[in-house]
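Peer 1: The structure is given below, and queries will be raised subsequently.
Since every read-out is calculated from the coordinates, none of them should be taken as a lab result. This one's a predicted model, so the numbers in the text were calculated from it and none came from an experiment. When we count neighbours, we look across all protein chains shown, and the Cβ atoms used for this are built from the backbone with ideal geometry, even at glycine.
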Amino acid sequence: MVSKSIAVAADHAGFDLKSKLVEELRLAGYEVLDLGTQDATTSVDYPDFGRAVAEAVTTGKAARGVVVCGTGIGISIAANRHAGVRAALCHDETSARLCREHNDANVLALGARLIGEVVAKDCLHTFLNTEYAGDRHARRVAKLG
């Protein structure tokens, strides 16, 4: 990966998992742009955090992003509303690998209420260490923009 900067954000439901992923990223040597939320007890709106990561990725403040909410669905929809963002909701290493190889996803979405910490960390590492395959997928990815 060219840049080691990763934007990360979550709503209150995703806060605990986000915190663990931030720690994992720092241990792996990444610069983390933590865009909130800062606790699990204050109810917040996931679209605000999906937007924050989307803006960080599309403006170049971060090379990639990670978003977390209860299911990962809402925050991935929020992030995908921004041109240039390809957020993929992943539930396992295979989906994390394929979203990078085939779709050139630049934001990983995770559901804190659906997957555990170990699977989330596996998805994170796979997402960050898998390159886009290009070639036959490039035509399709271009249609997303």
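Peer 1: Using amide H atoms built 1.01 Å from N in the peptide plane, name the residues 5+ places from Val66, or on other chains, whose amide H lies under 5 Å from its own.
Peer 2: When sequence neighbours closer than 5 places are left aside, the close amide H contacts are Ala7, Val8, Ala9, Leu108.
Peer 1: Taking N as the number of residues in the range 100-145, what value does Rg over Cα atoms divided by 2.2 N^0.38 Å take?
Peer 2: Working it through for the range 100-145, the quotient is 1.34.
Peer 1: List the residues, sorted by chain then number, that are 5 or more residues from Val44 or on another chain and whose placed amide H is less than 5 Å from its amide H.
Peer 2: Those qualifying (amide H under 5 Å, at least 5 residues apart or on another chain) are His12.
Peer 1: Note the listed values (i) -0.83, -0.89, -1.06; (ii) -0.62, -0.71, -0.99; (iii) -0.55, -0.64, -0.94, then indicate which one is log10 I(q)/I(0) by the Debye sum over Cα atoms at q = 0.14, 0.15, 0.18 Å⁻¹ calculated from this particular structure.
Peer 2: Working out log10 I(q)/I(0) by the Debye sum over Cα atoms at q = 0.14, 0.15, 0.18 Å⁻¹ from the coordinates points to (iii).
Peer 1: Please list, ordered by chain and number, the residues whose modelled amide H lies under 5 Å from the amide H of Leu89; skip anything fewer than 5 residues away on the same chain.
Peer 2: Ala109
Peer 1: Among the lysines, which have Cα under 29 Å from the Cα of Lys18 when same-chain residues fewer than 8 positions away are ignored?
Peer 2: Within reach: Lys4, Lys61, Lys121.
Peer 1: Right, next: Give, rounded to the nearest 20 debye, the magnitude of the charge dipole that the range 1-141 has about its Cα centre when Lys and Arg contribute +1 at Cβ and Asp and Glu contribute -1 at Cβ.
Peer 2: Computed about the Cα centre, the dipole is about 460 debye.
Peer 1: Sorted by average packing, counted as other Cβ atoms within 10 angstrom per residue and highest first, what order do 101-113, 80-92, 50-62 take?
Peer 2: 101-113, 50-62, 80-92
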